[in-house]
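What follows is one structure encoded as structure tokens, with my remarks underneath.
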Amino acid sequence: MATGVAVVAWNGASLGPFQQCSAIHDLALIVPNQVSAPPGDHTILKAENLQSSAAIADALKWFQETDADYLLWVLSSSVDLSTQGLKRLVDCARETKAAAVYSDYLDQDIDRSTRLHPLIDYQSGSLRDDFDFGQALLLDGDRLRAISAQMQQECAATTFGGWYDLRLRLSEVGPIFHLPEPTYTLPFAADDSSGEDHFSYVDPRNREYQGEMEQIATAHLKRIGAYSDPPKAPWVGETSPFLVEASVVIPVRNRQRTISDAVESALSQEADFAFNVIVVDNHSTDKTSQILSDIAQQNPRLIHLVPKRTDLGIGGCWNEAVHSEACGRFAIQLDSDDLYAKTDVLKRIVAEFQRTGCAMVIGSYTIVDFDLNPIPPGLVDHREWTDENGHNNALRIAGMGAPRAFHVPTLRSIGFPNASYGEDYAVALKIASRYPIGRIYDSLYWCRRWEENSDHALPIETMNRYTTYKDRLRSIEIAARQNRQP
């Protein structure tokens with residue numbers, strides 16, 4: 001077994017586990033330009049940024065000069081390979097003919113105990129640039145050498161997109177295989193993350209990064225036949241009149257602390273057209289139902305729906321609302337623990353529909369705590385969206401924004417999946433690939449983050465399930481685009 005290893009080191013690295021492995025006969029260390037390289041029997045590659053095309057090019061050039069069959073790409077300076085870890089990765093690569101293999105790993109706690117860190121399977125819809133491969137990947141040497149020549153001919157210099165471009169190209173020439181067992185351990189390191197990474201893609205400071213990633217993802221979609229031109233189809237025609245022009249739709253279950261605020265926020269909207277508020281009460285077991293009944297007795301614009309079915313997720317509740325006779329021409333989202341930031345939200349959204357004839361309008365929102373105090377990252381406006389390429393870039397990013405509003409006849413023709421996570425993304429992907437979307441970049445919405453809805457507090461198994469589902473939605477959309485190519 002002959003392998004070459006590239007080890008990424010910031011401010012030094014422990015190379016012992018790699019130097020002691022008899023299977024490794026070539027070792028390169030990527031070190032920041034301003035950092036002194038540690039002594040030892042290894043090649044030093046200098047780079048300011050590991051993710052840059054220059055760093056990737058230097059690493060691939062070094063690899064081409066070795067006689068290795070594989071390259072172990074190590075993203076951390078502290079990977080501790082297990083005794084059989086490298087052999088398991090290589091055996092897996094040989095037996096599956098994979099372009100790349102990655103595995104689960106063990107996290108070491110402060111008391112030196114370990115716990116499994118499971119990762120998820122790679123699929124065609126895993127093209128988002130934040131896909132988690134762990135800290136070590138084994139890359140097929142022959143494919144790497146072919147891709148290296150291709151990248152030298154085709155690729156522009158990038159500051160952040162070198163690795164992203166490389167791994168997308170690897171996915172085009174062979175499978176990327178997930179080995180669901182640990183092959184290495186990550187020693188304990190204090191975790192100072194605050195949950196803000198979930199929104200890093202909309203941080204204005206990251207616009208250069210986002211631009212590079214969008215260009216790379218778009219080129220990938222073109223190479224695999226999944227790129228589409230800007231959609232121009234008009235919204236679905238209306239076959240019957242609507243009782244009101246707009247409906248605020250609020251699915252809810254057991255939100256007695258917040259539902260009254262949400263409903264009052266919707267009812268207090270000021271508009272020169274008729275609207276109502278449809279709350280789909282998914283069989284709440286706390287005081288939510290009674291609160292809604294009390295409000296409905298005082299204000300007939302509140303439509304309190306309780307589904308007959310007891311197996312509905314959030315998406316199923318949306319279907320109940322938009323297919324009801326009470327639903328207006330446009331349906332505007334409001335979550336049961338959030339608030340509209342202004343009293344003209346409905347008026348502005350409906351005006352955007354009427355101005356553009358688009359099938360969906362998406363606004364912007366501000367992240368706040370339970371008491372409505374802004375918290376990082378603050379405004380989330382998704383200014384990475386463009387009319388020319390937003391529908392393609394949507395396959396790369398984590399979401400599209402809120403509040404979301406729909407032309408109801410068009411929405412009825414598509415429908416929500418009966419899910420409680422990613423259901424909105426599923427619908428938005430379908431609409432975005434077929435119809436124009438309108439955007440409002442002012443903050444229209446206060447999105448509360450508190451103990452009952454904070455995604456970053458979820459167990460890793462739950463987050464993996466959610467993330468896998470969103471990747472699957474992207475895979476479905478990619479397949480649909482490929483199948484409708486001429």
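The values are calculated or read from the model by the stated rules, or taken from the named source; none is laboratory data. Note that this is a predicted model, so its numbers are computed, not measured. Note: ideal-geometry Cβ built from the backbone for every residue, glycine included; neighbour counts use all protein chains shown.
Numerical summary
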| item | result |
| --- | --- |
| Residue among Asp294, Asp281, Asp286, Asp272 that is of a type in the set (Asp, Glu), assigned by TED's automatic domain parsing to the domain that holds Trp450 and within 21 Å of Cys447 (Cα to Cα) | Asp281 |
| Conditions (1) surrounded by 14 or more Cβ atoms within 10 Å (Cβ to Cβ); (2) of a type in the set (D, E, K, R); (3) more than 26 Å from Trp62 (Cβ to Cβ); number of the one not met by Arg115 | (1) |
| Enumeration of residues in the range 233-255 that are small (Gly, Ala, Ser) and modelled with pLDDT under 95 | Ala233, Gly237, Ser240 |
| Candidates Glu95, Glu65 - the one that is modelled with pLDDT of 85 or more, over 33 Å from the mean Cα position of the chain (by Cα), under 17 Å from Leu139 (Cα atoms) and charged (D, E, K, R) | Glu65 |
| Residue identified as of a type in the set (S, T, N, Q), part of a loop (DSSP other than H, G, I, E, B) and touching a Lys or Arg at 6+ places or on another chain (Cβ under 7 Å) among Ser336, Ser324 | Ser336 |
| Residue match in the range 434-446 (condition: in a helix (DSSP H, G or I), touching a residue at least 40 places away in the same chain (Cβ under 8 Å) and touching a helix residue (DSSP H, G or I) at 6+ places or on another chain (Cβ under 7 Å)) | no |
| Among residues of the range 426-439, those that are touching a strand residue (DSSP E or B) at 6+ places or on another chain (Cβ under 9 Å) and surrounded by fewer than 21 Cβ atoms within 10 Å (Cβ to Cβ), counted | 2 |
| Lone qualifier among Leu379, Leu411 - being in a strand (DSSP E or B) and either out of contact with any Ser or Thr (no Cβ under 7 Å at 6 or more places or on another chain) or in contact (Cβ under 8 Å) with a residue 40 or more places away in the chain (or both) | Leu379 |
| Filter result (assigned to a helix (DSSP H, G or I) and closer than 25 Å to Asp369 by Cβ) within the range 447-466 | Asp455, His456, Ala457, Ile460, Thr462, Met463, Tyr466 |
| Positions within the range 52-78 being touching a helix residue (DSSP H, G or I) at 6+ places or on another chain (Cβ under 7 Å) and part of a loop (DSSP other than H, G, I, E, B), in sequence order | Ser52, Ala68, Asp69 |
| Residue check for Pro230: surrounded by fewer than 16 Cβ atoms within 10 Å (Cβ to Cβ) and either modelled with pLDDT of 95 or more or farther than 30 Å from Ile303 by Cα (or both) | yes |
| Scan of the range 148-176 for residues that are among the aliphatic types (A, V, I, L, M) and either buried (at least 20 other Cβ atoms within 10 Å of the Cβ) or assigned to a helix (DSSP H, G or I) (or both), ordered by number | Ala149, Met151, Leu166, Leu168, Leu170, Val173, Ile176 |
| Candidate set: the range 278-297, residues that are within 30 Å of the chain's Cα centre (by Cα) and of a type in the set (A, V, I, L, M); chosen: the one nearest to Ile259 (Cα to Cα) | Val279 |
| For Gln354: the one exception among (1) of a type outside the set (Asp, Glu); (2) at positive phi; (3) without any contact (Cβ under 8 Å) to a residue 24 or more places away in the chain | (2) |
| Every pair of residues 6+ apart whose Cβ atoms lie under 9 Å, when the first sits in the range 82-99 and is assigned by TED's automatic domain parsing to the domain that holds Gln135 and closer than 13 Å to Gly174 by Cα while the second is part of a helix (DSSP H, G or I) and of a type in the set (S, T, N, Q) | Ala99/Ser171 |
| Any hit, the range 328-343, residues being over 16 Å from Leu444 (Cα atoms), among the polar types (S, T, N, Q) and touching a Pro at 6+ places or on another chain (Cβ under 8 Å) | no |
| Yes/no for Glu477 being more than 13 Å from the chain's Cα centre (by Cα), assigned by TED's automatic domain parsing to the domain that holds Tyr365, modelled with pLDDT under 95 and not aromatic (Phe, Trp, Tyr) | no |
| Breaking point among (1) under 20 Å from Ala359 (Cβ atoms); (2) in the same structural domain as Tyr365 (by TED's automatic domain parsing), for Pro230 | (2) |
| Yes/no for Asn392 being under 30 Å from the mean Cα position of the chain (by Cα), over 22 Å from Glu451 (Cα atoms) and polar (S, T, N, Q) | yes |
| Single condition Leu243 does not satisfy, out of (1) closer than 21 Å to Ser420 by Cβ; (2) exposed (fewer than 13 other Cβ atoms within 10 Å of the Cβ); (3) among the hydrophobic types (A, V, I, L, M, F, W, C) | (1) |
| Unique match (being touching a strand residue (DSSP E or B) at 6+ places or on another chain (Cβ under 7 Å), crowded, with 19+ Cβ neighbours inside 10 Å and more than 24 Å from Gly399 (Cα to Cα)) among Val263, Val248, Val252 | Val263 |
| Only listed residue being acidic (Asp, Glu) and surrounded by fewer than 22 Cβ atoms within 10 Å (Cβ to Cβ), chosen from Glu423, Glu451 | Glu451 |
